[in-house]
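The values are calculated or read from the model by the stated rules, or taken from the named source; none is laboratory data. The structure displayed is predicted, hence computed values, not measured ones. With ideal geometry, Cβ positions are generated from the backbone for all residues, glycine too; neighbour counts draw on all protein chains shown.
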Amino acid sequence: MTILYAADPEDAEGWIGSIRALDPQLTFATWPDWGDPDAIDFIIVGGRMPGDLSIFQNAKAIQSTWAGVNHLLKGKFPPGVPIARMVDQGLSANMVEYLVYWVLDALRQGRELRAAQREAKWLELPLRWARNFPVGILGLGTLGAATAAKLVELGFPVRGWSRTAKSVAGVESFHGADQLHDFLAPLKLLICLLPLTPETEGVLDAKLFAGLPEGAILVNAGRGGHTNEADLIAALDSGKLAYAVLDVFREEPLPLDHVFWRRKDIVITPHVASITRAGTGAADILENYRRALAGEPLLNPVDPQRGY
């Protein structure tokens, strides 16, 4: 029995070492030196599909080191093999830090203060209360719920929207297309943490932006495919959006000639909002390996029909 590591090569030593530290008896192969494909019973993948996985007919499960798996679902793998995504405490903590940072920066008008400093202006702005700064989160999964809880703790009115009804303490929840407009109406800042599915492709578009108050702020830490880029630029040009913080893009790395680089009203971070580390995710991978061999349900299973 062999585990095939087919994720990012530069991270192989960290992941394999962390898992072996928990169980030294495990046997590993690395892509593309897998040897006998029939000996592979578990596959670890990362942020890109390494190739055709359908040749591993004896694989009991596929484990992603990423929370997002839409790239994986487009690939080839043995029919019926269960897939699990990564949800670990380190990843959640990183995402909460990233999003709380940008919400607090918006509340305390960091963008305006930095611009004033560049022009040597002493700009005294009135302080704003968190309680008067409504924040909305598209997507109330693990990451969205954790972010919402921290923002509630800091005193922000938080609204959450999801495909189906969900309940998070202290959060005003909305669900379904019929409630999207009501969800958006009072927001000062909108966070996108949705999974990428056919239904959410391009969801950050002119129709959605029209539901926001004038001068709202957008933070997209979900997927690049959520953003209708032309509509985003139009919303920024019109003043509908004051500015946008983008951590994810349709093409990564973002091409050097992309218009986003030249926009003063777009903040670019290079897909670093939250990154799974081998040390924090190894235990979950090992647990799923053991569950797969025993024929038990996996932790954080993916529903291919829903896309996450």
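Quick look at the numbers
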item: Test: residue in segment 114-130 that is crowded, with 18+ Cβ neighbours inside 10 Å and assigned by TED's automatic domain parsing to the domain that holds LYS264; result: no
item: Test for TYR308: is it under 22 Å from the mean Cα position of the chain (by Cα) and assigned by TED's automatic domain parsing to the domain that holds ALA115; result: no
item: Selection count where residues are surrounded by fewer than 21 Cβ atoms within 10 Å (Cβ to Cβ), on the phi < 0 side of the Ramachandran plot and not in a strand (DSSP E or B), scope segment 35-59; result: 13
item: Out of ASP303, ASP257, sole residue that is without any contact (Cβ under 8 Å) to a residue 24 or more places away in the chain and either assigned by TED's automatic domain parsing to the domain that holds ALA230 or crowded, with 18+ Cβ neighbours inside 10 Å (or both); result: ASP257
item: Qualifying position, being surrounded by 14 or more Cβ atoms within 10 Å (Cβ to Cβ), of a type in the set (Asp, Glu), under 19 Å from the mean Cα position of the chain (by Cα) and within 30 Å of ALA39 (Cα to Cα), among ASP247, ASP284, ASP205; result: ASP284
item: Which listed residue, of ILE83, ILE137, is β-branched (Val, Ile, Thr) and within 30 Å of LEU286 (Cα to Cα); result: ILE83
item: Test set (1) part of a loop (DSSP other than H, G, I, E, B); (2) under 30 Å from LYS150 (Cα atoms); (3) among the β-branched types (Val, Ile, Thr) - VAL81 fails condition number; result: (2)
item: Some residue of segment 278-287 being of a type in the set (Ser, Thr, Tyr) and farther than 21 Å from ASP8 by Cα; result: no
item: Flag for ASP105 being surrounded by 14 or more Cβ atoms within 10 Å (Cβ to Cβ), among the acidic types (Asp, Glu) and either in contact with a Pro (Cβ under 8 Å, 6 or more places away or on another chain) or more than 20 Å from TRP31 (Cβ to Cβ) (or both); result: yes
item: Hey, LEU140 within 25 Å of ARG263 (Cα to Cα) and not charged (D, E, K, R) or not; result: no
item: Residue match in segment 65-78 (condition: more than 27 Å from LEU246 (Cβ to Cβ) and hydroxyl-bearing (Ser, Thr, Tyr)); result: no
item: For ASN288: the one exception among (1) within 19 Å of GLY46 (Cα to Cα); (2) part of a strand (DSSP E or B); result: (2)
item: In segment 67-82, residue modelled with the highest pLDDT [restricted to those that are under 22 Å from THR30 (Cβ atoms) and crowded, with 21+ Cβ neighbours inside 10 Å]; result: VAL69
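Matching residues to (1) under 16 Å from the mean Cα position of the chain (by Cα); (2) at pLDDT below 95; (3) within 23 Å of PHE209 (Cβ to Cβ):
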position: ILE137; (1), (2), (3): yes, no, yes
position: LEU154; (1), (2), (3): no, no, no
position: PRO157; (1), (2), (3): no, no, yes
position: TRP161; (1), (2), (3): yes, no, yes
position: VAL171; (1), (2), (3): no, no, yes
position: HIS181; (1), (2), (3): no, no, yes
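Residue-wise test of (1) more than 23 Å from HIS271 (Cβ to Cβ); (2) touching a Lys or Arg at 6+ places or on another chain (Cβ under 7 Å); (3) in contact (Cβ under 8 Å) with a residue 40 or more places away in the chain; (4) surrounded by 15 or more Cβ atoms within 10 Å (Cβ to Cβ).
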| position | (1), (2), (3), (4) |
| --- | --- |
| THR142 | no, no, yes, yes |
| LEU151 | no, no, yes, yes |
| PRO157 | yes, yes, no, yes |
| ARG163 | yes, no, no, yes |
| GLY170 | yes, no, no, no |
| HIS175 | yes, yes, no, yes |
| LEU196 | no, yes, yes, yes |
| GLY224 | no, yes, no, yes |
| ASN228 | no, no, no, yes |
